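**Q** Once you've had a glance at the structure underneath, I'll fire off some questions.
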Amino acid sequence: ADNFVQAFDRFVEPNDKVRAELFRIISLRRTNQHQQITSTVVAQDEWPSIMIAAATGSKTEDQILKTVHHKTGDELDAALSEAYFFIAQINMVNNNKLKAAVYLQRSIDKGILSNNLRTLARADLERLHR
């Protein structure tokens, strides 16, 4: 989690900062599953910052996917593959392994051209199947 704080501080682009914050929240939730994690990043109702609200429990998967579906074409595929990955991470933290596996597979299925998290999704899916 500390490394993601450092990444957040170094990043300039707002969406890169959001992604670093998402990974920080997820890593903290993995180590402190019963502790409520908050964020200093204000979650907007737009992609990808809406994922902050999902990671902290104030937005649902359906709300996230509805927001993502405002995108079109290649942007939609890229956003969906990332959304599926982060939704899977949240489900893993919440100990819903079956749902996490489904979302990881969806993320992988989006394809290599639109999915920069595909390798991580595959590794997590393999870990879930063990």
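**Q** Would you pick out the residues in the range 101-130 that are of a type in the set (D, E) and open to solvent by 60 Å² or more (accessible area, probe 1.4 Å)?
**A** D109, E126
**Q** Looking only at the range 56-98, which residues are part of a helix (DSSP H, G or I), closer than 24 Å to L28 by Cβ and either free of Cβ contacts under 8 Å to residues at least 12 places away in the same chain or in contact with a strand residue (DSSP E or B) (Cβ under 6 Å, 6 or more places away or on another chain) (or both)?
**A** L98
**Q** Here's a follow-up. Give the residue, chosen from A78, A88, that is of a type in the set (G, A, S), under 14 Å from the mean Cα position of the chain (by Cα), open to solvent by 20 Å² or more (accessible area, probe 1.4 Å) and under 19 Å from V18 (Cα atoms).
**A** Exactly one residue qualifies, and that residue is A78.
**Q** Residues of the range 13-62 being surrounded by 14 or more Cβ atoms within 10 Å (Cβ to Cβ) and closer than 12 Å to A83 by Cα, which ones?
**A** R19, L22, W47, P48, S49, I50, M51, I52, A54, A55, E61
**Q** Inspect all residues belonging to the range 30-42 and state whether any of them is charged (D, E, K, R), part of a helix (DSSP H, G or I) and at pLDDT 90 or above.
**A** If we filter the range 30-42 for residues that are charged (D, E, K, R), which is where we start, we get 30.
Still in the list and also part of a helix (DSSP H, G or I): 30.
When the remaining residues are screened for being at pLDDT 90 or above, the result is none.
No, the range 30-42 contains no residue that is charged (D, E, K, R), part of a helix (DSSP H, G or I) and at pLDDT 90 or above.
The values are calculated or read from the model by the stated rules, or taken from the named source; none is laboratory data. Just so it is clear, the structure is predicted and the values come from calculations on it, not from any experiment. Cβ sites come from the backbone with ideal geometry, for glycine too, and all protein chains shown count toward neighbours. Note: accessible area is taken over every heavy atom of the protein model, side chains too, but ligands, DNA and RNA are not part of it. Shrake-Rupley method; radii C 1.70, N 1.55, O 1.52, S 1.80 Å.
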